[in-house]
Amino acid sequence: MESLKNCFTNVLQTIIGLTNNSYLTFLKGAVEMVSDSSQEDNVLYEYNKNLLEIASENNFALNADKTNEFAQLLGEAQFYLLCKNKGIILNRIKAGTAKTPDFRFEAQDMCFEVKTLSVVSGSSGIKKSLEDSLEAQIDIEDELKKGKRIATGISVVQPYGERPYKKGKGTITAIIETLIEKTCQNLKRDQFPNTSSFLVLNLSIIPPFRTDNYVLRPAYCDDYLFKKAVTGDLWMVAFGKSGMLIHGIPEFEGEAGIEGLLEKSGILSDPQYNYVTGILLMIHPWHRPTEVWGLFDSQVHAQWNDSNPEIAKCLFILTGDNWNDDMDSNGWNLQGALQSNG
């Protein structure tokens, strides 16, 4: 049987010269990781089999719906494997008629629901990217037919779309509010059955503004070109409150550094999502292996330490130093890419 990674690579190669599915390309590292580990246990074998079935379908790489389906299933498989590599063996809960979490860690009765967030407009956004890439390829072919020795075509990958910017939002504000909105659209109460139920956000095809761990802070100092304070987009996704100031990235010294006020509440700040105990994030840097980061309510964290420290221990095995809470208690430890993931 053909391996998942070989099938995936071949599928992407078949559309070269026609278009490019950038969002599938983003998944290459995760595909290789899951494919290489597919014989380790029955759970990974089953995930690998299901992923291979999707990737083997006709015109898979040109199908926006299948791209989303593949990314979601791959996110679950990779999270399972990341936990396993840290010594945490999860039980997979097969989807049925009732809504359930994806995984349970029986030792501590912890539940994990994995959500791979899609791009703005979902399948329509992926389809638009495919069409833009096709048009760029047509431009290249037209220039070559005209006798040009060097031909160029331009297509832009926009996981956050154009809509937030057309509303006058700054970059950081648009990212925060888009991630909050897309997360809320995916939350279902029954998938968080107990007080140790965690949301796992896989940001493989809609990445955060930066993949350095200081974005887990309320704000951080950015020294590029000149010193400025920048709001941590991922901290706000968890703990932001309507009316909070958002510090953006001015283009030059003296330009306003405040983008505006946040108009949404973060997941762990919004009472209607109080069934989410904490958030784990799957982060996919270009230059480092996938990492698991964490954001937790400080009061809940204190309760774990008092009554069930094994829960906190499990979470910190997964995140290493890459975690924070609403009080920025671990902010001193978040110094960017050089920080270890444990």
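Take V114, V43 and order them by how many other Cβ atoms sit within 10 Å, fewest up front.
Values: V114 23, V43 18.
Ranking V114, V43 by Cβ neighbours within 10 Å, fewest first, gives V43, V114.
Which label marks the calculated value of semi-axes √(5λ) of the Cα gyration tensor in Å, given the options [x] 33, 28, 17; [y] 33, 23, 19; [z] 31, 23, 20? Evaluating semi-axes √(5λ) of the Cα gyration tensor in Å on these atoms matches [x].
With a Förster radius of 45 Å applied to the beta-carbon distance between L18 and I317, the computed FRET efficiency rounds to 0.50.
When the chain is described by a simple charge dipole with +1 on each Lys and Arg Cβ and -1 on each Asp and Glu Cβ, the residue from I279, T171, L216 located farthest towards its positive end is T171. The gain in end-to-end length when the K127 to N6 segment is fully stretched comes to 41.2 nm, 0.36 nm per residue minus the alpha carbon separation.
Averaging the sequence gap over all C-alpha pairs within less than 8 Å and six or more residues apart, then dividing by the number of residues, gives the chain a relative contact order of 14 percent. Among beta bridges from DSSP that stay inside the chain, the antiparallel ones total about 55%. A compact globular protein would have a Cα radius of gyration near 2.2 N^0.38 Å; the ratio found for the stretch 169-333 is 1.03.
Within a Cβ distance under 12 Å of K94, other residues only, what is the Lys/Arg minus Asp/Glu net charge?
Details: positive: R92, R104; negative: E46, E76, D102.
Around K94, the surrounding residues sum to -1.
Restricting to bridges with both residues inside the stretch 169-333, how much of the DSSP beta-bridge set is antiparallel, in percent to the nearest 5?
Details: 13 of 21 bridges.
DSSP beta bridges in the stretch 169-333 are roughly 60 percent antiparallel.
Residues T231, T171, arranged from fewest to most other Cβ atoms within 10 angstrom of their Cβ, appear as T171, T231. Think of it as helices only: each DSSP H run of n ≥ 4 in the chain is worth -39500 (n - 2.57), and spread over all residues that comes to -12000 deg cm²/dmol at 222 nm.
Of the residues A61, L268, F8, the one whose Cα sits farthest toward the positive end of the charge dipole of the chain, with +1 on the Cβ of Lys and Arg and -1 on the Cβ of Asp and Glu, is A61.
The HN-Hα couplings worked out from phi for the stretch 212-217 by the Karplus form 6.51 cos²θ - 1.76 cosθ + 1.60 (θ = phi - 60°) are 9, 5, 5, 6, 7, 9 Hz, whole numbers, x standing for Gly and Pro. Across the stretch 323-333, coupling constants 3J(HN,Hα) worked out from phi with the 6.51/-1.76/1.60 Karplus curve, θ = phi - 60°, read 8, 7, 10, 5, 9, 6, 5, 9, x, 4, 9 Hz, and Gly and Pro carry x. A simple rule links phi to the HN-Hα coupling: the Karplus curve 6.51 cos²θ - 1.76 cosθ + 1.60 with θ = phi - 60°, which for the stretch 114-127 gives 8, 10, 8, 6, 8, 6, 4, 6, x, 4, 5, x, 5, 4 Hz, with x for Gly and Pro. The spacing between the stretch 291-336 and the stretch 1-74, judged by their C-alpha centroids, is 33 Å.
By the count of other C-beta atoms within 10 Å, a proxy for reagent exposure, I206, I150 are ordered fewest to most as I150, I206. Between L187 and any residue 5 or more places off or on another chain, the built amide H atoms are never under 5 Å apart.
Relative to the Cα centre, the charge distribution of the chain, modelled as +1 at Lys and Arg Cβ and -1 at Asp and Glu Cβ, gives a dipole magnitude of about 400 debye.
FYI, it's all coordinate maths here, none of it is from the lab. Please read all numbers here as calculations on a predicted model, not as lab measurements. For neighbour counting, all protein chains shown are included, and Cβ atoms are generated from backbone atoms with ideal geometry for every residue, glycine included.
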